[in-house]
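**Student:** Structure incoming, see below.
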Amino acid sequence: MLKIIKIDMFCVVFAIVLLSVATSSGQQSAETLAAPVPAQIFTGKKVFVANAGTYSGVAADFKKDGEPGRPYNRLYAAMKSWGRYELVTAPTDADMVFEIRFSDMPGGGSELNLAILDAKTHFRLWTFTELVQLTSFKAGRDKQFSRGMANLVEDLRKLTAQPAATAAAPNK
């Protein structure tokens with residue numbers, strides 16, 4: 001009798017373990033399913049680059065270097081040389097707005113933030129953030145800033161290189 005109870009208990013525990021593994025693996029596949037990228041990022045052709053400002057201790061250094069709008073200027077130049085989007089001079093002519101901001105982070109360090117907004121609805125479609133560890137020396141500061149900007153643009157390139165099939169399908 002004791003053996004039967006032990007075998008029954010083993011079977012119950014084994015069944016529970018199997019069910020929990022099956023359930024968790026099903027949840028993992030649903031959790032790891034990639035969410036769609038907003039369609040405007042793939043279909044948009046015209047972009048307005050907006051300067052959301054520099055809120056950093058290095059703003060004075062940028063000004064001293066003769067480039068107070070460095071984040072804006074560098075993003076604009078990168079977008080122009082990439083050629084993926086047509087750059088327009090008014091947000092009303094754009095499909096999307098790429099808004100660049102450079103700011104200090106609480107606790108140290110700085111970050112470049114690129115927000116992609118739908119020009120018609122003003123909704124934020126996507127945001128990229130690159131941490132930038134600035135040094136007190138100009139050469140190091142410039143190098144770190146350039147690396148951060150290059151990483152930001154590369155993140156944007158990777159996102160737009162995804163197949164359009166991952167874009168959000170319109171509701172029917």
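The values are calculated or read from the model by the stated rules, or taken from the named source; none is laboratory data. Note that the structure is predicted; figures quoted are calculated from it, not measured. Every residue, glycine as well, gets a Cβ built from its backbone with ideal geometry; the counts of neighbours run over all protein chains shown. Protein only, heavy atoms only, side chains kept; ligands, DNA and RNA dropped before computing areas. Shrake-Rupley method; radii C 1.70, N 1.55, O 1.52, S 1.80 Å.
**Student:** Being over 20 Å from Ala139 (Cα atoms) and of a type in the set (Phe, Trp, Tyr) is the filter; apply it to region 43-78 and report the residue that is farthest from the chain's Cα centre (by Cα). Working first, answer last.
**Tutor:** The initial filter retains those residues of region 43-78 that are over 20 Å from Ala139 (Cα atoms), namely 43-53, 55, 76-78.
After this cut, where a residue has to be of a type in the set (Phe, Trp, Tyr) as well, the list is 48, 55, 76.
Values: Phe48: 18, Tyr55: 20, Tyr76: 18 Å.
Looking at residues that are over 20 Å from Ala139 (Cα atoms) and of a type in the set (Phe, Trp, Tyr), I get Tyr55.
**Student:** Kindly provide the set of residues from region 89-114 that are free of Cβ contacts under 8 Å to residues at least 12 places away in the same chain and of a type in the set (Gly, Ala, Ser), ordered by number.
**Tutor:** The initial filter retains those residues of region 89-114 that are free of Cβ contacts under 8 Å to residues at least 12 places away in the same chain, namely 106-108.
Correct list: Gly107, Gly108.
**Student:** What is the number of the single condition among (1) touching a residue at least 60 places away in the same chain (Cβ under 8 Å); (2) of a type outside the set (A, V, I, L, M, F, W, C); (3) farther than 20 Å from Val47 by Cα that Glu130 does not meet?
**Tutor:** In the conditions (1) touching a residue at least 60 places away in the same chain (Cβ under 8 Å); (2) of a type outside the set (A, V, I, L, M, F, W, C); (3) farther than 20 Å from Val47 by Cα, Glu130 misses (1) alone.
**Student:** A follow-up question, please. Consider Leu112 carefully, then state whether it is within 14 Å of Gln40 (Cα to Cα) and open to solvent by less than 50 Å² (accessible area, probe 1.4 Å). Before you say what the answer is, go through the steps one by one.
**Tutor:** Details: within 14 Å of Gln40 (Cα to Cα): no; open to solvent by less than 50 Å² (accessible area, probe 1.4 Å): yes.
Here the answer is no, as Leu112 does not meet what is asked.
**Student:** Being at pLDDT 80 or above and either in contact with a Lys or Arg (Cβ under 8 Å, 6 or more places away or on another chain) or on the phi > 0 side of the Ramachandran plot (or both) is the filter; apply it to region 133-156 and report the residue that is most open to solvent (accessible area, probe 1.4 Å).
**Tutor:** Going residue by residue through region 133-156, those that are at pLDDT 80 or above are 133, 137, 139-156.
With either in contact with a Lys or Arg (Cβ under 8 Å, 6 or more places away or on another chain) or on the phi > 0 side of the Ramachandran plot (or both) added as a condition, the list becomes 145-146, 149.
Numbers: Phe145: 2, Ser146: 54, Met149: 12 Å².
Result: Ser146.
**Student:** While we're looking at this one, here's another question. When region 81-109 is examined, which residues are found to be closer than 24 Å to Phe42 by Cβ and either exposed (fewer than 12 other Cβ atoms within 10 Å of the Cβ) or among the β-branched types (Val, Ile, Thr) (or both)?
**Tutor:** Hits for region 81-109 are Ser81, Gly83, Val88, Thr89, Ala90, Thr92, Val97, Ile100.
**Student:** Given the condition open to solvent by 30 Å² or more (accessible area, probe 1.4 Å), touching a helix residue (DSSP H, G or I) at 6+ places or on another chain (Cβ under 7 Å), farther than 18 Å from Met149 by Cα and not in a loop (DSSP other than H, G, I, E, B), answer yes or no: does some residue in region 41-51 qualify?
**Tutor:** As a first pass, look at region 41-51 and keep what is open to solvent by 30 Å² or more (accessible area, probe 1.4 Å): 43, 45-46, 48, 51.
Going one step further and asking which of them are touching a helix residue (DSSP H, G or I) at 6+ places or on another chain (Cβ under 7 Å), we end up with 46, 48, 51.
Remaining after also requiring farther than 18 Å from Met149 by Cα: 46.
Next, only the ones that are not in a loop (DSSP other than H, G, I, E, B) stay: 46.
Checking region 41-51: at least one residue is open to solvent by 30 Å² or more (accessible area, probe 1.4 Å), touching a helix residue (DSSP H, G or I) at 6+ places or on another chain (Cβ under 7 Å), farther than 18 Å from Met149 by Cα and not in a loop (DSSP other than H, G, I, E, B).
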